[in-house]
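Notes follow once the structure below has been shown.
The values are calculated or read from the model by the stated rules, or taken from the named source; none is laboratory data. What you see is a predicted model; the values in this text were computed from it and never measured. Virtual Cβ from ideal backbone geometry, glycine too; neighbours counted across all protein chains shown.
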Amino acid sequence: MFDFLEGYDVLGAFWTTVQLTVLSAVGALVWGTLLAAMRVSPVPLMRGFANVYVNIVRNIPLTIIVLFASLGLADIFGATMGASDFKIQGFRLAVLGLVGYTSAFVCEAIRSGINTVPMGQAEAARAIGLNFSQTLRLIVLPQAFRAVIGPLANVLIALTKNTTVASAIGVAEAATLMKTMMENEAQTLAIGAVFALGFVVLTLPVGLLLGWAGKRLAVKR
Amino acid sequence: MTEVSVAKEDAVTADELVVLSGVNKHFGPLHVLQDIDLTIGRGEVVVVIGPSGSGKSTLCRTINRLEGVDSGSITIDGDPLPAEGRALARLRADVGMVFQSFNLFAHKTVLENVVLGQVKVRKADRKRAEEKARALLDRVGVGAQADKYPAQLSGGQQQRVAIARALAMDPKVMLFDEPTSALDPEMINEVLEVMQQLAQEGMTMVVVTHEMGFARSAANRVVFMADGRIVEQAEPEQFFSNPRSERARDFLSKILHH
């Protein structure tokens, strides 16, 4: 019944999807947190930069960002991302595009988390002599993160599915393989179902786990 | 009672610790602090009272620059308050602050709340910081709660932890911004007792409060504020029995009846 799967490395393709997701998630979390820190910083230039970045990037379709990373950065400006061949270069450019795009959403989720932390927390931190970055790192962000685990789970799930856009620049992830298989095999519906199921298997546990963690780690006030 | 007042007089010297001169501050069109001149001596306990909106909390918050000022100068131990940055952070560590709403770090245990500043600001050794934190928590009577989270404590307990957190920095002066206003009546005394004890030990304190009993028994001086100005300052006995200004008489007549 599943003989149409023969000869295709479905697991391998999904493994690439997982790699894209994990690397982009880590990158987006780091860069998004930095952006959120800039958005609440006392330096107007940083606030302005993060504000403009978020509002531009989140309003551009991901496909265009990923294509720009490939056609713009790589082909015109010659950014090879330190890669030796096109496959690795495409993968890294896709991660770059996904990080740049997803971080805008991570930033906004974290910023809304920062807004849930009462002013008094930061005031108390400053009153014992913590500087701005210590106040943010030790007091405000830990509480902000716990408040937005749910929204961050949404961003992560969206990111997992968004990795399929990498097929636009030829990265051999799940959607690329699905397209190939649909061209070569007759059972298009079954193929679609297999890949849809594959994504649900990836994202469902993430949502459930993070939902549970969000409840458990919530800061009691 | 007599013992206390003798100790208080010993503690007060001519040594000026906090000096505000010509301080002005606006919130938009509201002139919330108007030409404030106030000197607080080392070891002195100054209670600031006045009707709501008189600027007394703002005054308290300008002393560690949680609120900036528009004009005038504030010095602490001879040093003018620095602008934002590292120097200001260092100065704030020397000025303990206790808030109306406690503001304990909600994601950290009681012990961690008292340890944090010592380790991160004073660069104290962690073990020694914990010992000191436990000693301070014992001193304010919440030693048994050290491993709980703030939300698990009563308001009175939380406020005593907040006092311990401020004391852990070995501050030169302690600011209390309406420390008992958010407490249930039966918890007010446990906090006031800790503050009384601090006053007796010679801590320099600026206390914004509505607790007239505390003002009478612990203060060296009462500062009465109204409409952004210091209207009157006097020793507590004199202030409560014979206020000079009409504004203070009016205020006292409204609160001392019951």
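Figures for the structure shown
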quantity: Selected residue (only one of B:F214, B:F176 is in a strand (DSSP E or B), in contact (Cβ under 8 Å) with a residue 60 or more places away in the chain and not β-branched (V, I, T)); calculated: B:F176
quantity: Matching residues, the range B:81-112, being within 11 Å of A:Q121 (Cβ to Cβ) and among the charged types (D, E, K, R); calculated: B:K108
quantity: Residue that is farthest from A:S167 (Cα to Cα), among those in the range A:87-116 that are hydroxyl-bearing (S, T, Y) and without any contact (Cβ under 8 Å) to a residue 40 or more places away in the chain; calculated: A:T116
quantity: Filter pass, A:G32 being under 16 Å from the mean Cα position of the chain (by Cα) and of a type in the set (G, A, S); calculated: yes
quantity: Residues of the range B:55-100 classified as under 13 Å from B:I36 (Cβ atoms), away from every other protein chain (no Cβ under 13 Å) and either out of contact with any strand residue (DSSP E or B) (no Cβ under 8 Å at 6 or more places or on another chain) or not β-branched (V, I, T) (or both), total; calculated: 7
quantity: Within the range A:171-186, considering residues that are charged (D, E, K, R) and in a helix (DSSP H, G or I), the one surrounded by the fewest Cβ atoms within 10 Å (Cβ to Cβ); calculated: A:E183
quantity: Verdict on B:A151 being over 16 Å from B:V98 (Cα atoms) and surrounded by fewer than 20 Cβ atoms within 10 Å (Cβ to Cβ); calculated: yes
quantity: Residue check for B:S52: of a type outside the set (A, V, I, L, M, F, W, C), surrounded by fewer than 15 Cβ atoms within 10 Å (Cβ to Cβ), in contact with a Pro (Cβ under 7 Å, 6 or more places away or on another chain) and modelled with pLDDT under 95; calculated: no
quantity: Qualifying residue in the range A:102-121 (condition: within 27 Å of B:A93 (Cβ to Cβ), buried (at least 16 other Cβ atoms within 10 Å of the Cβ) and either more than 14 Å from chain B (Cβ to nearest Cβ) or of a type in the set (S, T, N, Q) (or both)); calculated: yes
quantity: Pairs where the first residue, in the range B:24-50, is at positive phi and the second is surrounded by 24 or more Cβ atoms within 10 Å (Cβ to Cβ) and not in a strand (DSSP E or B), C-beta under 8 Å, 6+ apart; calculated: B:G50/B:K56
quantity: The range B:136-152, residues that are more than 14 Å from chain A (Cβ to nearest Cβ) and of a type outside the set (V, I, T); calculated: B:L137, B:D138, B:R139, B:G141, B:G143, B:A144, B:Q145, B:A146, B:D147
quantity: Tally, over the range B:101-135, of residues that are assigned to a loop (DSSP other than H, G, I, E, B) and within 9 Å of chain A (Cβ to nearest Cβ); calculated: 10
quantity: Pair list, Cβ < 9 Å and 6+ apart or interchain, from the range A:187-204 residues that are surrounded by fewer than 16 Cβ atoms within 10 Å (Cβ to Cβ) to residues that are outside any helix (DSSP H, G or I); calculated: A:A190/A:M1; A:A190/A:F2
quantity: Options A:S103, A:S133, A:S112: the member that is touching a Phe, Trp or Tyr at 6+ places or on another chain (Cβ under 6 Å) and assigned to a helix (DSSP H, G or I); calculated: A:S103
quantity: Hits in the range A:152-170 (condition: surrounded by fewer than 19 Cβ atoms within 10 Å (Cβ to Cβ) and either in contact with a Gly (Cβ under 6 Å, 6 or more places away or on another chain) or at pLDDT 95 or above (or both)); calculated: A:N154, A:I157, A:A158, A:K161, A:G170
quantity: Breaking point among (1) in a loop (DSSP other than H, G, I, E, B); (2) more than 20 Å from B:Q118 (Cβ to Cβ); (3) within 13 Å of chain A (Cβ to nearest Cβ), for B:S181; calculated: (3)
quantity: Flag if A:L138 is surrounded by fewer than 21 Cβ atoms within 10 Å (Cβ to Cβ), within 14 Å of chain B (Cβ to nearest Cβ) and assigned to a helix (DSSP H, G or I); calculated: yes
quantity: Only listed residue being farther than 30 Å from A:A122 by Cβ and touching a residue at least 12 places away in the same chain (Cβ under 8 Å), chosen from A:V40, A:V54, A:V10, A:V22; calculated: A:V10
